[in-house]
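Derivation of every value follows stated rules applied to the coordinates shown; laboratory data play no part. All values derive from a computational prediction rather than experimental measurement. Glycine gets a Cβ as well: all are built from the backbone with ideal geometry, and neighbour counts include every protein chain shown.
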Number of protein chains: 2
Amino acid sequence: MCKAIVYVTLRESVLDPQGQAVKGALHTLGFDEVNEVRIGKYMEVMLDSADRAQAEERVKEMCEKLLANTVIEDYRFEIVEG
Amino acid sequence: MCKAIVYVTLRESVLDPQGQAVKGALHTLGFDEVNEVRIGKYMEVMLDSADRAQAEERVKEMCEKLLANTVIEDYRFEIVEG
């Protein structure tokens, strides 16, 4: 068993309306020290493979094909167990 | 300046329909080794405060009040700069 932790974030150059909405809400709640908020996805993927190198290869494929929109998003991942 | 990295995830006991949908899509793409997918939020919050302890206190408050729904979600965060 392997567990992959995947982080998908918008590229720096891409506007983050969700992050801006959250920043506005935080300001409304009195958290004026907040300068910027960027929001991304955090995924835990449990895999049925014991081979770490193979798991890394497959998770990269998963990110390229489905988990990240590589036109506007960056992804990185780590294999934490197995 | 401080940067806080916030992770918000569904509690273990809470069903994750989004994660199940992604698992199904990964299986359709031929990634049969995927056992489970859990999806959460990853947030980067840039703060205008140099005092690390104060920043930690405030980010905790932000999570409790807005960033996480503490009824069904867990949160954790780390202050990475400043």
Once label points are set 7 Å from the Cα along Cα→Cβ at both B:Gln18 and B:Met1, what is their separation, rounded to one decimal in nm?
2.8
Closest approach to the A-B rotation axis by any Cβ of A: residue and distance in angstrom?
A:Tyr42, 2
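Remind me, what semi-axes does the protein assembly as shown give for its equivalent ellipsoid, largest first in whole Å, using sqrt of 5 times each Cα gyration tensor eigenvalue?
After diagonalising the Cα gyration tensor, the semi-axes are 31, 16, 15 Å.
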Can you tally the net charge around B:Ile72? Count Lys and Arg as +1, Asp and Glu as -1, for every other residue whose Cβ sits under 12 Å from the Cβ of B:Ile72.
-3
Given the rule -39500 (n - 2.57) for each run of at least 4 DSSP H residues, summed and divided by the residues of the protein assembly as shown, what is its mean residue ellipticity at 222 nm, to the nearest 500 deg cm²/dmol?
-8500 deg cm²/dmol
Give the nm distances, rounded to one decimal, from A:Ala53 to the matching residue in every other copy, measuring between label points 7 Å along Cα toward the beta carbon; shortest first.
4.9
Note on chain B: C-alpha Rg/Rh, Kirkwood Rh, two decimals, gives 1.13
Taking R0 as 41 Å, what's the FRET efficiency between B:Glu57 and B:His27 from their Cβ-Cβ distance, rounded to 0.05?
0.40
Note the angle between two axes, namely the Cα long axis of helix A:17-28 and the longest principal axis of the Cα atoms of chain A, as a number of degrees from 0 to 90, rounded to the nearest 10.
50
Could you work out, residue by residue across B:44-51, how many beta carbons of other chains sit within 10 Å of that residue's beta carbon, and then give the average as an integer?
5
Helix A:52-62 sits off the longest principal axis of the Cα atoms of chain A, rounded to the nearest 10 on a 0 to 90 degree scale, by 50
Output, in nm with one decimal and in ascending order, the distances from the B:Glu36 label point to the matching label points of the other copies (7 Å from Cα along Cα-to-Cβ).
3.6
